[in-house]
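One structure is given below, encoded as structure tokens.
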Amino acid sequence: MLRRGVAGANPARSLGSLFRGGADGGQSQRTRGAFGSAFDNAAAFAKKHWFTLSLPCMVYATQQSPDTMRKGGTLGYERYKDAFVAGIFLASGLSIPLTSMRATLRMWNVHLFTQGMCFGAAPAFFYFTAPRLQSDLGLPPAISTGWILLGTLPTSIGVSIAVTRVAGGSIATTLLNSAAGNLMGVFLTPMLCEYASGTSSSVPVSDAIVKLLLLVAMPSLVGMAVRHKVAVAARYDRVWSLMQPLCLLTVLAHVFSNAFHEYRDGIPGFDATSILKLFAACIAANALLTTIALLASAPMGFPAAERVAASFCAAQKTTAMGLPMMTTMYGNDPQLGLLTLPLLCYHPVQAAVGGVYAAWLRTLLRL
């Protein structure tokens, strides 16, 4: 007959002891404890970075079945695409606490510097380095064009806030500049894309701006207004933070399905080595832009926390806004998959490089 202590044991606790070491002690307990710790760390990492980890799975699925999500495919996704794009920015607006930005509104010089880096220095950097992707790395011309388009995008909200928090920088400054930059990007990015890339978009710039106002600016502003006026909206931050990447994954699946359908026989002059070269270029670009912004802000007399926020905002690029922008402007371009590839490579790189940079900056600036 079982003892009462065993019969009444908590199953969850027993499972935890299986991974973290039970009551029998000794070497086996330490081994199980180490395994349990590694298991917990891996689970926490997967939970935190599930979107990035899901990207290879999404790419593989669309490669195996491109007809499901492509234009004119089985699901007819293009009929619902605009709703998913608007959902990305509605969720983004619902996630932004406007009250936390009030304290930093008066620091106009910091904001002017940050937006100047995002829409001035960064586009110039990507524009002048784009020819190197072809001449030095041997990448296709469409990748170089996509590299220029990447440079014209506004900063990322999520990544910028995450790395700024790790570095001890000003979250309020990051939040204000990333939100304002994304709204300004509705107007500035299409014009910069047209001018810098020399590539005509599928729709006139004026039409693209109008469409982006409807799909990007309006849902974002509605979301921010609801967040500000309806107190209960703040309780569902986890829902909004999940809604945005899920909508973005559907847009990505559509883009890759079209690309795999178009390039069934492969892309001439592009292979696995080309992907590694592009990742290396993204690492170098993100690190250099962060360094340039940090050095350029030194003579400005900004507080250390504001310098950190401005530097990270200058180097990050938004996938959530960049991908819908590119699909809106170049949706009918058969090379859309290649045009978006630099952005998709830059997304995981900026989080990784920013994390390393953030830990170093926190120590250097004693934040």
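The values are calculated or read from the model by the stated rules, or taken from the named source; none is laboratory data. These numbers were taken from a predicted model, which means no experiment stands behind them. Backbone-built Cβ (ideal geometry, glycine too); neighbour counts: all protein chains shown. Surface accessibility is based on the protein's heavy atoms, side chains included, excluding ligands, DNA and RNA. Shrake-Rupley method; radii C 1.70, N 1.55, O 1.52, S 1.80 Å.
A compact table of results
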quantity: Of all accessible heavy-atom area on region 160-280, the percent that carbon and sulfur account for (1.4 Å); calculated: 67 percent
quantity: Å² of accessible area per residue within the chain, as computed with a 1.4 Å probe and no ligands counted; calculated: 49 Å²
quantity: Rounded D (µm²/s) - region 137-242, Kirkwood Rh over Cα pairs, Stokes-Einstein at 37 °C, 0.692 mPa s; calculated: 205 µm²/s
quantity: Ranking by accessible area, most exposed first, for Y263, Y60, Y236 with a 1.4 Å probe; calculated: Y60, Y236, Y263
quantity: Solvent-accessible surface ranking, highest first, for W240, W360, W50 at 1.4 angstrom; calculated: W360, W50, W240
quantity: The chain: Cα Rg divided by the 2.2 N^0.38 Å rule of thumb; calculated: 1.10
quantity: Listed pairs K71/K277; K48/K71; K81/K317; K211/K317; K47/K317 exceeding 28 Å between Cα atoms; calculated: K71/K277; K48/K71
quantity: Accessible area of D82 in the full protein assembly, 1.4 Å probe (Å², nearest 10); calculated: 60 Å²
quantity: Virtual paramagnetic centre 7 Å along Cα→Cβ of A280, amide N under 18 Å, in region 316-358; calculated: 342, 345-346, 349-350, 353
quantity: Residue order for K211, K81, K48 - accessible surface, 1.4 angstrom probe, largest first; calculated: K48, K211, K81
quantity: Region 241-310-region 43-121 distance, computed between alpha-carbon centres (Å); calculated: 12 Å
quantity: With DNA, RNA and ligands ignored, accessible area of H49 (1.4 Å probe; Å², nearest 10); calculated: 60 Å²
quantity: In order through region 115-120: 3J(HN,Hα) via Karplus (6.51 cos²θ - 1.76 cosθ + 1.60), integer Hz, x for Gly, Pro; calculated: 5, x, 5, 5, 10, x
